[in-house]
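The values are calculated or read from the model by the stated rules, or taken from the named source; none is laboratory data. The model shown is predicted, which means the values in this text are computed figures rather than measured ones. Because the Cβ atoms are built from the backbone with ideal geometry, glycine has one as well, and the counts that use them run over all protein chains shown.
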Amino acid sequence: MDKSISGFSKLLKSEKIDWLMQHYLSNSKSAKRTITQYWNTDKKLQQLHDEFIENTITNYYLPLGVAPNFLINNKLYAIPMAIEESSVVAAASKAAKFWLSRGGFKTEVISTTKIGQVHFSYNGAAEDLKIYFKTIKSKFFEDAKPLTKNMEKRGGGILDIELRDKTEAIDGYYQLHATFETLDAMGANFINSCLEQFAKTLKREAENALEGNLTIIMSILSNYVPDCIVRAEVSCKVDQLVESNSNAEEFAKKFIQAVAIAEVEPYRAVTHNKGIMNGIDAVVLATGNDFRAVEAGIHAYASKDGRYSSLTHASIENGVFKFWIEIPLALGTVGGLTKLHPLVSLALDLLGKPNSKELMQIVAVAGLAQNFAALKSLTTTGIQEGHMKMHLMNILNQFNASENEKKQIISHFKTHIVTHSAVVEKLETLRVVSN
Ligand code: HMG
């Protein structure tokens, strides 16, 4: 059977599903049921979701959880998190509660500059191009005025445009490297529109002024934003670090060693940072931001010194334990899905309608809290104890446990270590007894 198709995009949603049923899903009734059971009964809401992307057949749910008790710069937040992995929300909540009684999180936005580039080639003399750029630089700003005037009214816009000679890397390769302030917008559309205008201006003016051949290759923003940086930090006296009678100093030292290992060992750094991204991605997703852009930018930043390294750092000085994160984050609280997706709107309301700077701080805190919880578990009980405790419900659902079975098993594992096999064994025992 030919499984390719031309014109799929033009079919109705029902026709797309029928085609998939025939060609890929063996006309299985359960597949059709799965697809349709996730449709929203509110037709307008369903249409909104259908139109977010292309070729939509159904909705893909993720749970939206909330981690309360985050004290950030003396203000309390309940942070919304959209994520599929168990124990992440619990870990964030636990870290928030821990730091609530130790002064909370302190944060600071260090910079907010975003970047975009027009990549082009030129086969004439570099010196001519440099002189030419200087003479037409003001035209870039003038020609982009219709695009920038509203952003300028709000206090943002184009900050600067530089000509960069990259011919050492690739023969004839140059860039217009532009910097922008986009305020509460993530800025992708604004930046890309400006860049495409710069490219037109560059090409138009070059025709008469330059001897060599100038070819525009592409114009696009960069998701690497090392000048759009936020910092979050927690600190307390070392002896306040543990709750019970365990040894605070020993815990602090081990914690610092765990961070130091992630600073020098890329295999560990990747997992360490993955734990940080558990928190960051979940808030970025819940607030309708582009988590792929955030991921790409943050991982590039983790490699900025030539080796992939930890995004968090820790120290003990004069008996004070300090733990902090510094990351690049380009986020928006206007535009995109922020007004369009009802749950994004709700998530932003829950956070008190933050502006983009506030959201940067909240997201950085979520990453730091997540890392604190993971490292606390890793260096004390090990990760499995807490993670599996939270994962228990997934195992029970996998084996279709009844409500009664769930109740008995959850009670049993309050005093026993959760492992996949121990849960299955307990379930089998219960089922044998009840038969
Ligand atoms: P615990 O001490 O067993 O929890 O920790 P507890 O039952 O004593 O409760 C203490 C608090 O934890 C609660 O306070 C909640 O804040 C939170 P309360 O609400 O009672 O006032 N909490 C919960 N919140 C919501 N729902 C729950 C819940 N249970 C506790 N059901 C916990 C259990 C899982 C929190 C702890 O073991 C932990 O933080 N573990 C770390 C888990 C983690 O990092 N998970 C991420 C997945 S693993 C991974 O991907 C990353 C990793 O590889 C990264 C790395 O290597 O660095 C680890």
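Among all positions in segment 356-376, there is no residue which is among the β-branched types (Val, Ile, Thr) and either over 25 Å from the mean Cα position of the chain (by Cα) or in a loop (DSSP other than H, G, I, E, B) (or both). Looking for something hydroxyl-bearing (Ser, Thr, Tyr), modelled with pLDDT of 95 or more and within 14 Å of the ligand (Cβ to nearest atom) - is there at least one such residue anywhere in segment 328-340? No, segment 328-340 contains no residue that is hydroxyl-bearing (Ser, Thr, Tyr), modelled with pLDDT of 95 or more and within 14 Å of the ligand (Cβ to nearest atom). Going by what's in this entry, would residue 120 be described as modelled with pLDDT of 95 or more, in contact with a strand residue (DSSP E or B) (Cβ under 8 Å, 6 or more places away or on another chain), farther than 22 Å from residue 288 by Cα and not in a loop (DSSP other than H, G, I, E, B)? Yes: the conditions hold for residue 120.
Search segment 376-394 for residues being charged (D, E, K, R) and farther than 20 Å from residue 323 by Cα, and hand back the single one that is surrounded by the most Cβ atoms within 10 Å (Cβ to Cβ). The residue in question is 389. Candidates in segment 356-370 are the residues that are among the polar types (S, T, N, Q) and either modelled with pLDDT under 95 or under 25 Å from residue 260 (Cα atoms) (or both); of these, the one that is nearest to the ligand (Cβ to nearest atom) is 370. Here residue 94 fits the description: within 16 Å of the ligand (Cβ to nearest atom) and either in contact (Cβ under 8 Å) with a residue 12 or more places away in the chain or in a loop (DSSP other than H, G, I, E, B) (or both). Each residue in segment 123-161 was checked for being surrounded by 12 or more Cβ atoms within 10 Å (Cβ to Cβ) and touching a strand residue (DSSP E or B) at 6+ places or on another chain (Cβ under 7 Å), and 15 pass. I'd like to check something: does segment 5-16 contain any residue that is surrounded by 14 or more Cβ atoms within 10 Å (Cβ to Cβ), among the aromatic types (Phe, Trp, Tyr) and in contact with a helix residue (DSSP H, G or I) (Cβ under 8 Å, 6 or more places away or on another chain)? For segment 5-16, residues surrounded by 14 or more Cβ atoms within 10 Å (Cβ to Cβ), among the aromatic types (Phe, Trp, Tyr) and in contact with a helix residue (DSSP H, G or I) (Cβ under 8 Å, 6 or more places away or on another chain): absent. The set of residues in segment 67-81 that are outside any strand (DSSP E or B) and either touching a Ser or Thr at 6+ places or on another chain (Cβ under 7 Å) or among the acidic types (Asp, Glu) (or both) contains only 73. With the structure loaded, tell me whether residue 29 is within 16 Å of the ligand (Cβ to nearest atom) and of a type in the set (D, E, K, R) or whether it fails that test. Against the criterion (within 16 Å of the ligand (Cβ to nearest atom) and of a type in the set (D, E, K, R)), residue 29 does not qualify.
Being surrounded by 12 or more Cβ atoms within 10 Å (Cβ to Cβ), more than 16 Å from the ligand (Cβ to nearest atom) and touching a residue at least 24 places away in the same chain (Cβ under 8 Å) is the requirement here; does residue 373 meet it?
Working: surrounded by 12 or more Cβ atoms within 10 Å (Cβ to Cβ): yes; more than 16 Å from the ligand (Cβ to nearest atom): no; touching a residue at least 24 places away in the same chain (Cβ under 8 Å): yes.
Spelling it out, it is not the case that residue 373 is surrounded by 12 or more Cβ atoms within 10 Å (Cβ to Cβ), more than 16 Å from the ligand (Cβ to nearest atom) and touching a residue at least 24 places away in the same chain (Cβ under 8 Å).
Of the residues making up segment 298-323, those that are assigned to a strand (DSSP E or B) and either surrounded by fewer than 19 Cβ atoms within 10 Å (Cβ to Cβ) or free of Cβ contacts under 8 Å to residues at least 24 places away in the same chain (or both) number 6. All conditions in (1) in a loop (DSSP other than H, G, I, E, B); (2) within 12 Å of the ligand (Cβ to nearest atom) hold for residue 393, with the sole exception of (1). Contact map, segment 226-245: first residue over 25 Å from residue 363 (Cα atoms), second residue part of a loop (DSSP other than H, G, I, E, B) and basic (Lys, Arg), Cβ cut-off under 8 Å, separation 6 or more or different chains; pairs are 240/102.
When residue 353 is tested against (1) touching a residue at least 24 places away in the same chain (Cβ under 8 Å); (2) under 22 Å from residue 70 (Cβ atoms); (3) away from the ligand (no atom under 16 Å from the Cβ), only condition (1) is not met.
Considering segment 168-246, the qualifying strands (runs of 3 or more DSSP E), each wholly inside and each with 2 or more residues that are in contact with a strand residue (DSSP E or B) (Cβ under 9 Å, 6 or more places away or on another chain) and closer than 19 Å to residue 125 by Cβ, run over 173-181, 214-222. Screening the candidates 9, 30, 4, 14 for the property of being assigned to a loop (DSSP other than H, G, I, E, B) and at pLDDT 95 or above yields one hit, 4. Against the definition (closer than 23 Å to residue 80 by Cβ and at pLDDT 95 or above), how does residue 264 come out, yes or no? No; evaluated as a whole, the condition is false for this residue.
Among the conditions (1) part of a helix (DSSP H, G or I); (2) more than 23 Å from the chain's Cα centre (by Cα); (3) more than 16 Å from the ligand (Cβ to nearest atom), residue 410 misses just one, which is (3).
Select, from 406, 389, 376, 426, the only residue that is touching a His at 6+ places or on another chain (Cβ under 8 Å) and either outside the structural domain of residue 258 (by TED's automatic domain parsing) or under 15 Å from residue 88 (Cα atoms) (or both).
Numbers: 406 fails: touching a His at 6+ places or on another chain (Cβ under 8 Å); 389 fails: touching a His at 6+ places or on another chain (Cβ under 8 Å); 376 fails: touching a His at 6+ places or on another chain (Cβ under 8 Å).
Selected residue: 426, the only one of 406, 389, 376, 426 that is touching a His at 6+ places or on another chain (Cβ under 8 Å) and either outside the structural domain of residue 258 (by TED's automatic domain parsing) or under 15 Å from residue 88 (Cα atoms) (or both).
Determine whether residue 294 is within 17 Å of the chain's Cα centre (by Cα), within 16 Å of the ligand (Cβ to nearest atom), assigned by TED's automatic domain parsing to the domain that holds residue 239 and over 30 Å from residue 410 (Cβ atoms). Criteria not met by residue 294.
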